[in-house]
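Here is the structure we will look at.
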Amino acid sequence: MPFEIKPWEAIAEDYGCTILLGNGASISVNPSFSYGSLLQHAAENNLLPGDAQRLFDFFQTNDFELILRIVWQASNVNQSLRIPDERTHAAYVSLRDCLIQTVRDIHPEHDAVSAHLPSIYQFLKRFRTVISLNYDLVLYWAMTYGLDVEDQHAFKDCFVDGGAFDDDWQRFRQPIRGDRSTTLVFYAHGSLVLCRNLVEQERKIHNVQDGLLEAILQRWQNGEVVPLFVSEGTWQQKVASIQNSYYLSTVYREVLKSRQDTLVVYGWGFADQDIHLLQRMRDTGINRVAVSVFRGDQAYCNRIFQMIHDILGAHVEVEFFGSESPGCWIHPTH
């Protein structure tokens with residue numbers, strides 16, 4: 001018997017706790033996000049420097065951010081100790097420029113996605129917590145769009161003045177400056193807007209929304225910072241990268257394990273390399289899950305229904321809704 005795939009508006013009132021966003025959410029905003037991986041794009045477009053593949057092979061990873069950070073740190077250590085090593089520095093510069101060009105190739109500018117931001121904002125404001133697995137700027141741009149909306153709702157990512165993460169994140173649920181409701185936003189795999197500096201401090205990059213992407217790439221180009229996001233790899237490699245970041249590990253240890261009763265999943269394929277995130281949500285009180293389905297894919301429904309019961313428990317009610325139905329993500333209400 002096929003699963004019923006409901007309109008979002010038919011079930012929306014039952015959900016308001018947590019939403020998990022996957023890459024399908026970004027792809028619906030702009031098809032350029034449908035790339036297989038950053039490394040794949042770089043390789044296919046002959047952007048990878050000669051030594052790069054040796055580094056990826058040696059460290060047994062496809063994670064661009066990890067390799068860039070390792071080589072950046074090695075180059076900085078050599079420079080600080082005045083160790084002559086032009087090859088390491090050259091490898092860093094080549095990898096950095098490769099990553100910059102790759103991101104510039106695939107990431108749309110603000111103007112290309114701005115028409116969708118009002119709908120995304122209205123959809124997300126109903127949730128107490130937004131957890132994004134995407135490292136692009138769409139979610140951040142939707143948050144900054146909301147700064148000009150006078151609806152007494154606040155989106156907060158728990159980064160305070162100076163760009164540092166405040167690990168007392170629960171306190172941000174309290175309304176401030178007359179706000180009546182609050183949504184907390186977390187980047188479970190990091191984001192282009194996050195970075196590490198020379199002494200491994202993790203920061204958020206601030207800039208006007210229209211020029212944010214170029215400002216980020218310019219800071220990478222200047223060698224001031226390296227990006228903070230987990231781009232590729234097996235689930236073991238991703239967990240290792242998460243544990244190597246104070247911010248990401250806090251999200252993994254605390255936010256995913258916090259009490260919640262409902263979960264909405266939008267645009268996520270429940271891939272093996274990311275399923276550890278759902279496993280972290282076990283025993284948090286979730287009793288109902290709503291999952292977006294693209295154009296009536298019953299095979300997907302069958303697989304996900306069983307997976308959710310296996311991981312979260314057979315007691316959890318699972319519902320499916322059309323990913324293109326009115327009122328969800330980029331699709332306006334009736």
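The values are calculated or read from the model by the stated rules, or taken from the named source; none is laboratory data. Please read these numbers as outputs of a predicted model, since none were measured by experiment. As a convention, Cβ positions derive from the backbone with ideal geometry for all residues, glycine included, and neighbour counts pool all protein chains shown.
Quick look at the values:
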| item | result |
| --- | --- |
| Test for residue 294: is it touching a residue at least 40 places away in the same chain (Cβ under 8 Å) and more than 29 Å from residue 118 (Cα to Cα) | no |
| Cβ pairs under 7 Å, 6+ apart, first in the range 315-326 and farther than 15 Å from residue 266 by Cβ, second of a type in the set (Lys, Arg) | 316/288; 317/288 |
| Top-ranked residue in the range 32-59 [being aromatic (Phe, Trp, Tyr) and surrounded by 15 or more Cβ atoms within 10 Å (Cβ to Cβ); ranked as nearest to the chain's Cα centre (by Cα)] | 33 |
| Residue that is surrounded by the fewest Cβ atoms within 10 Å (Cβ to Cβ) [pool: residues in the range 60-84 that are over 26 Å from the mean Cα position of the chain (by Cα) and among the hydroxyl-bearing types (Ser, Thr, Tyr)] | 80 |
| One residue from 249, 245 being out of contact with any Asp or Glu (no Cβ under 9 Å at 6 or more places or on another chain) and of a type in the set (S, T, N, Q) | 249 |
| Residue that is modelled with the lowest pLDDT [pool: residues in the range 134-171 that are assigned to a loop (DSSP other than H, G, I, E, B) and surrounded by 21 or more Cβ atoms within 10 Å (Cβ to Cβ)] | 135 |
| Those residues of the range 176-196 which are surrounded by 13 or more Cβ atoms within 10 Å (Cβ to Cβ) and either outside the structural domain of residue 242 (by TED's automatic domain parsing) or modelled with pLDDT under 90 (or both), in sequence order | 179 |
| Hits in the range 128-159 (condition: over 24 Å from residue 274 (Cα atoms) and among the β-branched types (Val, Ile, Thr)) | 144, 149 |
| Any chance residue 265 is touching a helix residue (DSSP H, G or I) at 6+ places or on another chain (Cβ under 6 Å), buried (at least 18 other Cβ atoms within 10 Å of the Cβ) and not in a helix (DSSP H, G or I) | no |
| Check on residue 214, closer than 28 Å to residue 147 by Cα and free of Cβ contacts under 8 Å to residues at least 24 places away in the same chain | yes |
| Sole residue being over 19 Å from the mean Cα position of the chain (by Cα) and hydrophobic (A, V, I, L, M, F, W, C), chosen from 137, 194, 124, 147 | 147 |
| Residue match in the range 101-108 (condition: of a type in the set (Val, Ile, Thr) and touching a Pro at 6+ places or on another chain (Cβ under 9 Å)) | yes |
